[in-house]
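Visitor: Just passing along the structure, written as structure tokens.
The values are calculated or read from the model by the stated rules, or taken from the named source; none is laboratory data. Keep in mind that this is a model prediction, so the values were computed, not measured. So basically every Cβ, Gly included, is an ideal-geometry build from the backbone, and we count neighbours across all protein chains shown. The area values use the complete protein model at the heavy-atom level, side chains included, leaving out ligands, DNA and RNA. Shrake-Rupley method; radii C 1.70, N 1.55, O 1.52, S 1.80 Å.
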Amino acid sequence: VALHLNPISSVHIHQKPLVFLLNSPLPLVWKLKTERLAPGIRRVFFVSLGSVVQFEKGNFSLSAETEEKLFPEKNEHLLQWAQKEYGAVTSFTELKISRNIYIKVGE
């Protein structure tokens, strides 16, 4: 699954840390495609067991972290866990089948 990350239109270059929880019932290869995200900023990708994140060529992967995690099974429990762990959830998306996911990051 290709995960496309771009800043919202009012932000020229996104310069804040990000945390993503990428959960799937089956192991996936998440292919990260980014535009206008500042290099050197901490970005964490938690993936379900057996999944991996592939980064495009460039220095984005130098400041990104990937960690496998056993997530709660139901989405409601996953959302509650994320809120407890991080204090806030700014976006939650559930898709049944997709090859491309587009996420706008920003304020």
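Visitor: To the nearest 10 Å², what's PHE92's accessible area with a 1.4 Å probe?
Guide: Roughly 90 Å² of PHE92 is accessible to a 1.4 Å probe.
Visitor: I'd like to check one number: the per residue accessible area of the chain, probe 1.4 Å, reported in Å² as a whole number.
Guide: 69 Å²
Visitor: Further question: In square angstrom, rounded to the nearest 10, how much accessible surface does THR34 have for a 1.4 Å probe?
Guide: 40 Å²
Visitor: Within the stretch 2-105, what whole-number % of the accessible surface is contributed by carbon and sulfur, with the 1.4 Å probe and all protein chains included in the calculation?
Guide: 52 percent
Visitor: Along the Cα-to-C-beta direction of LEU70, a point sits 7 Å from the Cα; which residues of the stretch 27-63 have their amide N less than 12 Å from that point?
Guide: The answer is 49, whose backbone nitrogens lie closer than 12 Å to the label point.
Visitor: Here's a follow-up. Could you pull out every one of the lysines with an alpha carbon less than 28 Å from that of LYS33, ignoring same-chain neighbours closer than 8 positions?
Guide: Partners found: LYS16, LYS57, LYS69, LYS74, LYS96, LYS104.
Visitor: Right, something else. Could you state the per residue volume, in Å³, of the convex hull enclosing the Cα atoms of the stretch 2-105?
Guide: Per-residue hull volume (Cα only) is 103 Å³.
Visitor: As a test of reading the structure, rank TYR86, TYR102 by solvent-accessible area (1.4 Å probe, protein chains only), most first.
Guide: Largest accessible area first, the residues go TYR102, TYR86.
Visitor: With labels modelled as points extended 7 Å from the Cα through the Cβ direction, what inter-label distance (nm, one decimal) is found for ILE41 paired with LEU62?
Guide: If labels sit at ILE41 and LEU62, their model points lie 1.7 nm apart.
Visitor: Report ³J(HN,Hα) in whole Hz for each residue of the stretch 75-89, in order, from the Karplus equation J = 6.51 cos²θ - 1.76 cosθ + 1.60 where θ = phi - 60°; Gly and Pro get x.
Guide: 4, 4, 6, 5, 5, 4, 4, 5, 5, 5, 6, 10, x, 7, 10
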